[in-house]
1. Pick from 230, 100, 246: which residue has the top mean-square fluctuation in a GNM of the chain where Cα pairs under 10 Å get a spring?
2. Order 243, 18 by their accessible area, 1.4 angstrom probe, all chains in place, largest first.
3. Say a site is exposed when it is one of the trypsin sites (Lys or Arg not before Pro), sits in a DSSP loop, and has at most 13 other Cβ atoms within 10 Å; what is then the longest site-free stretch of the chain?
4. Of 50, 87, 122, which is the most mobile in a GNM of the chain whose springs link Cα atoms less than 10 angstrom apart?
5. Using just the helices of the chain, give the 222 nm mean residue ellipticity in deg cm²/dmol: DSSP H runs with n ≥ 4 each add -39,500 (n - 2.57), and the total is spread over all residues, rounded to 500.
6. Lys/Arg Cβ at +1, Asp/Glu Cβ at -1, dipole of the chain taken about the Cα centre: which of 219, 264, 161 is farthest positive-ward?
7. Can you tell me which of 196, 92, 241 moves the most in a GNM of the chain? Springs connect C-alpha atoms under 10 Å apart.
8. Report the FRET efficiency, 1/(1 + (r/R0)^6), for residue 113 and residue 27, where r is their Cβ-Cβ distance and R0 is 25 Å, rounded to 0.05.
Amino acid sequence: MNTNPSVLVIEAGRAERHYWHDLWRYRELFFFLAWRDIIVRYKQTALGIAWALLRPLLTMLVFTLIFNKLGKMPSDGVPYLILICTALLPWQLFASAFSGASDSLISNAGMMSKVYFPRLVAPASAMIVCLVDFLLSGIILVGLMLWYGFDANLRLLTLPLFTLIAFATALGMGLWAASLKVRYRDLGMLIPFIVQFGLYLSPVLYSSNLIPEDWRLLYSMNPMVGVIDGFRWAILGGASQLHWPGLLLSLALVATTLWSGIIYFRKTEKSFVDVI
């Protein structure tokens, strides 16, 4: 019997009985892995953390030039640059968090084969660096709002909610992808395509108002539609209307994806070390 409460003894079936408690016990590992990823992201780069601002800014400028200046894409009466910004920031949060979570088990394979910890720590901690990048890139959004004279309103208080929805979407899909990628490495080739294809299926480069009303509910089966529309509704005010039936559908799909992702991850994680 273990009489020292500071020592964790691995017993048969213990991981099942104390899994969620162990998540709290291993919180320091969670923060360590997250901090490691943040440091590695910008280690030995000349501009360092400034890349968190430069990447979305350069992307927005290129999209504005191609799709607005040359392609004449409508922008619902608001500057196209800020229309892009309000969508690109939550999209990049989702895309990078989803990709990071899907790679987390493979990148931590060495540690997983040597020590016990709740495997859910790996994908969750891999997403933190994406959240840091998102918060930093929010400086661009604040600057554009000041430049174009958008007034602050109470709807801005809902931005953390829509950010949480984007994070939950990435986590749910990331848990599915991480679990499957351990056994099917081909998925690593498919995920970048899914992310790139999803960019065009989401209202990043255009407004959801361009979608015919009869198709809006079907279009909202992409959970990021509700997130992006929510960001625009909170920031642009009356210039962007929120499609409430679509948002409720998105929320239901996000909850289902997250719940099923956790269930499948827990079901398959016992075999991760054997397969990885």
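1. 246
2. On the way: 243 35, 18 70 Å².
Heavy-atom accessible area, descending, gives 18, 243.
3. Numbers: sites that count: 43, 72, 114, 185.
The answer is 186-276.
4. Sorting by GNM fluctuation, first place goes to 50.
5. Mean residue ellipticity at 222 nm (helix-derived): -21500 deg cm²/dmol.
6. Going by the Cα projections, it comes out as 264.
7. For the chain, modelled as a Gaussian network with Cα springs under 10 Å, the answer is 196.
8. Values: r = 22 Å, r/R0 = 0.89.
Given R0 = 25 Å and the Cβ-Cβ separation, E is 0.70.
The values are calculated or read from the model by the stated rules, or taken from the named source; none is laboratory data. For clarity, every value in this text was computed on a predicted model and none was experimentally measured. All Cβ positions, glycine included, derive from the backbone under ideal geometry; neighbour counts span all protein chains shown. Heads up: the accessible areas ignore ligands, DNA and RNA and are worked out on the full protein's heavy atoms, side chains in. Shrake-Rupley method; radii C 1.70, N 1.55, O 1.52, S 1.80 Å.
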